[in-house]
């Protein structure tokens, strides 16, 4: 795959969701509808930046990370990949943008990615994840651990 387009217009308060699978438009519409619902027991308006451009079709996690890492404020990106589109609840792939170079040392990186550098989350949960990571209330590793505790490996809500 060639170079992916630069993500523009992304506000630091918007959850970034990149669509990488274009086989099922109805599944994508279902994902978008779930993402746009108010969250936090309906207290908060959903703020989402959707990347819905076929140039991203079949992009790998590494390709997406390379394309979005220029945004220094971004700690996580969500992918609507093939697995997301095919699964019943459309769990998005949550991927940390953290690199080894950003950590104090190898031990720090290992601790922060103890449960992996990605996990799945239902669309209704992505706002909570993004908000808590943005303010440093919780860490990626905590959400990854909760997802790992789920029978299907999906974070649903804390």
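Points worth noting:
- Of the residues contained in region 78-97, none is found to be over 20 Å from residue 34 (Cβ atoms) and free of Cβ contacts under 8 Å to residues at least 12 places away in the same chain.
- Residue under evaluation residue 90, criteria (1) within 16 Å of the chain's Cα centre (by Cα); (2) at negative phi, criterion not met: (2)
- Count of residues meeting criterion [outside any helix (DSSP H, G or I), farther than 19 Å from residue 14 by Cα and without any contact (Cβ under 8 Å) to a residue 24 or more places away in the chain] in region 118-151: 2
- Residue tally, condition at pLDDT 90 or above and either within 21 Å of residue 70 (Cα to Cα) or surrounded by fewer than 20 Cβ atoms within 10 Å (Cβ to Cβ) (or both), over region 97-121: 1
- Within region 49-63, the set of residues being more than 12 Å from residue 5 (Cα to Cα) and either crowded, with 16+ Cβ neighbours inside 10 Å or in contact with a strand residue (DSSP E or B) (Cβ under 9 Å, 6 or more places away or on another chain) (or both) comprises 49, 50, 61.
The values are calculated or read from the model by the stated rules, or taken from the named source; none is laboratory data. Predicted model only: the values in this text are computed from it and were never measured. Glycine gets a Cβ as well: all are built from the backbone with ideal geometry, and neighbour counts include every protein chain shown.
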